Amino acid sequence: MNKAILKQAPLYDVDRLAWLENQAALARAGRSGALDLENLAEELDVMVRSERRELRNRLVVLLVHLLKHEFQPAMRSGSWRGSIVEQRRRIRDTIEESPSLRRWFADLAADPAVYTDAVEQAAAETGLPPNAFPQICPYGAESIMDPSFWPGA
C-alpha cells in the first residue's frame, strides 16, 4: 500500500492495533470528542460476541468430556478428568470476571444447539453413534459446574 493511500485510509482500516492504542490514549486523555465512536462501538460488540463464544466453546468441551466420562467408562482417563476440571475452572473464572455471563451460562447450558454440538463431538471422539447419548442434555447448569459431579461414577 502506498503512503498516499495510507494517509487517506482511517487508521482502523489500516492497523487495528494502532487504532486501539490510539483510542485508549484519547480516552485516557479525556478527549472523547476525538474518539472514533462508530468503530469503537463495533469493537465493543465484537468483544461481547467473543466473550460469549468463548464461554459457549468451553461449555461444549466440558459437555463432551462429561458425556465421554459417563458413556465410555472403560476409557476414562486422567486426561478426561483433567479437561473437565480445567473447563470448569476456566468457565468459573470467566464468570467471576464478568458476572453478567452467569445468567447467559444458564441459558447456554439449557440450549439444545449447544448440547447437539457436544453430542456430535463426543460421537466423533468415541466412535459411539449419536443416538447412544440422551436426546436432551442430562446435566443441569449446577451439576455441570459442580466439582464433585462425575456422571456415571
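Only the coordinates and a few stated rules stand behind these numbers; no lab work does. What you see is a predicted model, and the numbers here were worked out from it, not measured in a lab. Counting neighbours? That spans all protein chains shown, and the Cβs are built from the backbone with ideal geometry, glycine included.
Taking every C-alpha pair closer than 8 Å and separated by at least 6 residues, the mean separation divided by the residue count of the chain gives a relative contact order of 24 percent. Would you mind checking the tilt of helix 37-71 against the longest principal axis of the Cα atoms of the chain, expressed as 0 to 90 degrees and rounded to 10? Once rounded, the angle reads 10 degrees. Peptides 17-25, 85-93 ordered by packing proxy, namely the average of other Cβ atoms within 10 Å per residue, highest first: 85-93, 17-25.
Once the Cα atoms are used to define both axes, helix 78-97 deviates from the longest principal axis of the chain by about 40 degrees. The Cα atoms of region 53-119 give a gyration tensor whose axes a ≥ b ≥ c have a/c of 1.5 or more with a/b no greater than b/c, which makes the shape oblate.
Peptides 116-128, 46-58, 67-79 ranked from most to least packed give 116-128, 67-79, 46-58, packing being the mean of other C-beta atoms within 10 angstrom over each peptide's residues.
Between the helical axis of 112-126 and the longest alpha-carbon principal axis of the chain there is an angle of about 60 degrees.
Rounded to the nearest 500, what is the 222 nm mean residue ellipticity of the chain from helices alone, with -39500 (n - 2.57) per DSSP H run of 4+ residues and division by all residues? Taking each H run of at least 4 residues, the total per residue is -22500 deg cm²/dmol.
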